[in-house]
Amino acid sequence: ALNWIYAINMIKESRAYKNTEIGDIILYLYCHYDFIYNNLEKRFLYSANHYSANIMGLIYLAILFKSDVRSSKYINDIKFSLEEFYFEVRTQLLPSGLHYERSIGYHKLTAEIYLLTYIRLIAAGINIPADITARLIKMVKYIDQYIKPNGSVPNIGDNDDGRILPFVSYGFDNHLYLLDIAQNIFPDFETIKAPRPTIDSLIMFN
């Protein structure tokens, strides 16, 4: 759902863009929203990155559909999704900022999920609790600490090659782009590494 939304925004000014085609895509997104909502992957005690991705999808889609004739449903769902997002950030991220699964691969994937959700909430004008911002900064600072001097990362724990917006090809051991994103959204964030310029942040902030 997230990739569809970003992709549509990237091509919507094209002369090849057809409004008749967008209707089918919007219908697909409505169906996708209902499927996510009715098949949430919440687990006890910890829900892991699958549920975080569910919540990210609900937030993006609920904000997209909030002007719909059924807007009251989506406004209520935004409230639900926000509460769940805050709970998962507080639960899945340890006080050190490390993801509780203690896997470098899952830490990167979860960082993408949480940072992209944070960006969307800020863009929607939603006030985010200070402790959530502080925990996300710790999450990125942890990335800053484990990146090696040559820019690669150690392979610790389960390796996950998942990406949220894979519009740019990187090696899966390159996490520097996350520091670049953090510098754009957290004014007080300082990195001990020197991130290479990336196009990811340009896509997100355009």
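The values are calculated or read from the model by the stated rules, or taken from the named source; none is laboratory data. These numbers were taken from a predicted model, which means no experiment stands behind them. Ideal geometry is used to build each Cβ from the backbone, glycine not excepted, and the neighbour counts take in all protein chains shown. Surface areas here come from the heavy atoms of the whole protein model, side chains and all, with no ligands, DNA or RNA. Shrake-Rupley method; radii C 1.70, N 1.55, O 1.52, S 1.80 Å.
Which three semi-axes in whole Å describe the equivalent ellipsoid of segment 71-176, each the square root of 5 times a Cα gyration tensor eigenvalue, listed largest first? Working shown, then result.
On the way: eigenvalues 145, 48, 30 Å².
Calculated on Cα positions only, the semi-axes equal 27, 15, 12 Å.
Can you give the charge dipole size of segment 38-157 about its Cα centre, rounded to the nearest 20 debye, using +1 on the beta carbon of Lys and Arg and -1 on the beta carbon of Asp and Glu?
Details: 14 positive and 10 negative charges, 17 e Å.
That gives segment 38-157 a dipole magnitude of about 80 debye.
Aspartates and glutamates near Lys42 by alpha-carbon distance under 15 Å, same-chain residues fewer than 8 away left out - which ones?
Glu83, Glu84, Glu88
Over segment 20-123, with a single point scatterer placed on each C-alpha, what log10 of the ratio I(q)/I(0) does the Debye formula yield at q = 0.10, 0.20, 0.23 1/Å?
Evaluating at q = 0.10, 0.20, 0.23 Å⁻¹ gives log10 I(q)/I(0) of -0.30, -1.03, -1.26.
Among Asn39, Asn127, Asn174, whose mean-square fluctuation peaks in a Gaussian network model of the chain (Cα, cutoff 10 Å)?
So, out of Asn39, Asn127, Asn174, the one fluctuating most is Asn127.
Identify the residues of segment 108-126 with backbone N under 18 Å of a label point that sits 7 angstrom from the Cα of Arg90 along the Cα-to-Cβ direction, or state none.
Of the residues in segment 108-126, 114, 118 have backbone N under 18 Å from the label point off Arg90.
Kirkwood hydrodynamic radius of the chain from all distinct Cα pairs, in Å? Mind showing how you got there, number by number?
Values: mean 1/r = 0.0557 Å⁻¹.
Hydrodynamic radius (Kirkwood, Cα only) of the chain equals 18.0 Å.
Need the list of lysines near Lys18 for cross-linking: C-alpha distance under 25 angstrom, and skip anything on the same chain fewer than eight residues off.
Straight-distance partners of Lys18: Lys66.
For the chain, what is the accessible area per residue in Å², given a 1.4 Å probe and the full set of protein chains? Write down the numbers at each step before the final one.
Numbers: 10980 Å² over 206 residues.
Computed with neighbouring chains in place, this is 53 Å² per residue.
What range in the chain is the longest one free of GluC sites (Glu not before Pro) that are in a loop by DSSP and have at most 13 other Cβ atoms within 10 angstrom?
It works out to 14-189.
What per residue convex hull volume, in Å³, comes out for segment 1-62 when only alpha-carbon positions are used? Walk me through the numbers before you get to the answer.
Details: hull volume 4.4 nm³, N = 62.
It is 70 Å³ per residue.
Can you give the net charge of the other residues whose Cβ lies under 15 Å from the Cβ of Ala48, counting K and R as +1 and D and E as -1? Write down the numbers at each step before the final one.
Details: positive: Lys42, Arg43, Arg90, Arg102, Lys108; negative: Glu41, Glu84, Glu88, Glu101, Glu112, Asp158, Asp160.
Spelling it out: positives minus negatives among the neighbours equals -2.
Among Ile156, Tyr33, Ala123, whose Cα projects farthest towards the positive end of the dipole of the chain, with charges put on the beta-carbon of Lys, Arg (+1) and Asp, Glu (-1)?
The listed residue farthest towards the positive side: Ala123.
Check cross-link reach from Lys193 to the aspartates and glutamates: straight Cα distance under 19 Å, and skip same-chain residues fewer than eight apart.
Correct list for Lys193: Glu112, Asp144, Asp173, Asp180.
Take the chain, connect every pair of alpha-carbon atoms lying under 10 Å apart with a spring to form a Gaussian network, then pick out the residue of Gly157, Gly105, Gly57 with the largest mean-square fluctuation.
The residue that fluctuates most here is Gly157.
Relative contact order of the chain: what whole-number percent is it, with Cα pairs under 8 angstrom and at least 6 residues apart? Can you show the working numbers first?
On the way: 207 pairs, mean separation 36.2, N = 206.
Answer for the chain is 18 percent.
Carbon and sulfur together cover what percent of the accessible area of segment 1-139 at a 1.4 Å probe radius? Walk me through the numbers before you get to the answer.
Numbers: 4120 of 7120 Å².
On segment 1-139, the fraction of accessible area on carbon and sulfur atoms equals 58 percent.
Out of Ser14, Ser52, Ser103, any idea which swings most in a Gaussian network model of the chain, alpha carbons joined below 10 Å?
Highest fluctuation of the listed residues: Ser14.
Dipole magnitude of the chain about its Cα centre, charges +1 at Lys/Arg Cβ and -1 at Asp/Glu Cβ only, in debye to the nearest 20? List each step's numbers first, then the result.
On the way: 20 positive and 22 negative charges, 40 e Å.
Taking the Cα centre of the chain as origin, the dipole is about 200 debye.
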